[in-house]
Amino acid sequence: MPKTFNCQIADRLEEAARILAEQGANRFRAEAYHRAAETLQTHSEPASEIFSKEGLDGLEKLPGIGMSIARSIRDILLHGRLAMLERLRGASDPWHLLSSVPGIGAVLAAKIHDDLGIETLEELEMAAHDGRLETLAGVGAKRLTGIRDSLAQRLGRVRPPAHNGVEKHEPSVTELLDVDAEYRREAAAGGLKKIAPRRFNPSGEAWLPILHTTRGEHHYTVLFSNTAHAHEQEKTRDWVVIYCDGHEHDW
């Protein structure tokens, strides 16, 4: 676990609160991140010690910190990064994520992303078992075994317990389609805040519409796909990526 102090975590939560407010997200959600940052700034016990002893339950016991933000704190502690914040900045970088796996350097991470279209650790785990990863030069049997073992440990410790094979309160297909429709409608009307993604955007243009919306307990962040594959297929105004904060997967 990277050494991370409460003030460092608080800074990232405070930045998330500020960007959420600027992008028109639900004000209660932005305020929740602000309150969580204040809690960590004044709390004497390091969050890393709380998480080591009590896990997510221990983080949730802190004033003003619910499950979603507890998971954000956990991700910073385990991985040294907060994917949600990177999305808000327009700075999501799959190469950095892939290269954080032992046995995968920057060059191999780029090949995995560009040749196989892999952007998440879950997709990497599937490729490590279905034969795609071993087709790349430099991935021998020993390295493949090490990658599989590392992913099994890493993903196993961050996934929530299963509830009869289905995550509790998982969004329904109907709900996801409704979120997708809202995003397409608002993007077409030109009513959404636009961010300047760092990837595939040499001019620094703010072109990517971003939507923050809620459905009950679910908080969604929605954008058009800004992947290499989407650009190649000219689908950057078509394919939609939906993130449900507080859950372990994206839809």
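Selection within segment 84-116: residues that are of a type in the set (Gly, Ala, Ser) and touching a helix residue (DSSP H, G or I) at 6+ places or on another chain (Cβ under 7 Å). The member of this set that is most open to solvent (accessible area, probe 1.4 Å) is 106. Selection of segment 183-209 for residues being surrounded by 11 or more Cβ atoms within 10 Å (Cβ to Cβ), of a type in the set (Gly, Ala, Ser) and at pLDDT below 95 yields 191, 196, 206. Among the residues of segment 198-239, those that are of a type in the set (A, V, I, L, M) and in a strand (DSSP E or B) comprise 208, 210, 211, 222, 223. Considering segment 25-54, and only residues there that are without any contact (Cβ under 8 Å) to a residue 12 or more places away in the chain and more than 30 Å from residue 194 (Cβ to Cβ), the residue that is most open to solvent (accessible area, probe 1.4 Å) turns out to be 53. Look at residue 12 and say whether it is open to solvent by 50 Å² or more (accessible area, probe 1.4 Å) and in contact (Cβ under 8 Å) with a residue 60 or more places away in the chain. Here the answer is yes, as residue 12 does meet what is asked. Within segment 137-154, the set of residues being touching a Leu at 6+ places or on another chain (Cβ under 8 Å) and either exposed (fewer than 15 other Cβ atoms within 10 Å of the Cβ) or on the phi > 0 side of the Ramachandran plot (or both) comprises 138 only. Here's a check for you: in segment 221-241, which residue that is closer than 21 Å to residue 22 by Cβ and of a type in the set (A, V, I, L, M, F, W, C) is most open to solvent (accessible area, probe 1.4 Å)? Result: 241.
The values are calculated or read from the model by the stated rules, or taken from the named source; none is laboratory data. Since the model is a prediction, treat every value here as computed from it, not as a measurement. Glycine also receives a Cβ, built like all others from the backbone with ideal geometry; neighbour counts cover every protein chain displayed. Each accessible area value is taken on the protein alone, full model and side chains, heavy atoms only, with ligands, DNA and RNA left out. Shrake-Rupley method; radii C 1.70, N 1.55, O 1.52, S 1.80 Å.
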